Amino acid sequence: MSEQAKETESEVATENLRDKVVAAIKTVYDPEIPVDVFELGLIYEINVYPVNNVYVLMTLTSPSCPSAEVLPGEVEQKIKGVEGINDVKVELTFDPPYSQDMMSEAAKLELGFL
């Protein structure tokens, strides 16, 4: 197999794993809003590294969110449940601050904002 073919195969595997990570994140819901955290726009960044380590940068709807203790841990546990994942790090940030503009069209529709 050529070097280029190996790189492409590795990129495809990483993309497939990233899709599975996103699917896992979409099973985590904010307890006060009937929309998953991905569609709400709470996930700022997802990186899948070559040894199947995953890094997620996320926020909450507000710094005083009662779910602050629960949601990052739930996101981490769901990702760890994805077959092939080695390690997961979830980091919480409030920069930039969350706003409703970060929601997907589907979330806005679900919540009656459209």
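Nothing in this text is a laboratory measurement; each read-out follows from the coordinates by a stated rule. This structure is a prediction, so every number in the text was calculated from the model and none was measured. Cβ atoms come from the backbone with ideal geometry, glycine included; neighbour counts cover every protein chain shown.
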Worksheet item: Can you give the convex hull volume per residue for the Cα atoms of the chain, as a whole number of Å³?
Response: 112 Å³
Discussion item. Can you tell me the orientation of helix 3-25 relative to the chain, as the angle in degrees between its alpha-carbon axis and the longest Cα principal axis, to the nearest 10?
Written reply: 30 degrees
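Can you give the FRET efficiency for K26 and S64, using 1/(1 + (r/R0)^6), R0 = 30 Å, r = Cβ-Cβ distance, to the nearest 0.05? Don't skip to the answer; put the middle values down first.
Details: r = 25 Å, r/R0 = 0.83.
Efficiency at R0 = 30 Å is approximately 0.75.
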Worksheet entry | Rg(Cα)/(2.2 N^0.38 Å) for the range 30-77, N = residue count | 1.21
Worksheet item: Using the Karplus equation 6.51 cos²θ - 1.76 cosθ + 1.60 (θ = phi - 60°), what ³J(HN,Hα) coupling, rounded to whole Hz, does each residue of the range 40-53 give in order, writing x for Gly and Pro?
Response: 5, x, 7, 9, 8, 7, 9, 10, 10, 8, x, 8, 6, 8
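If you restrict to DSSP beta bridges whose two residues both lie in the chain, what percentage is antiparallel, to the nearest 5?
Details: 6 of 12 bridges.
Taking every DSSP beta bridge with both residues in the chain, the antiparallel ones total about 50 percent.
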Worksheet, complete the sentence: Rounded to the nearest 10 degrees, the helix 71-80 long axis (Cα) sits at an angle to the longest Cα principal axis of the chain of 20 degrees
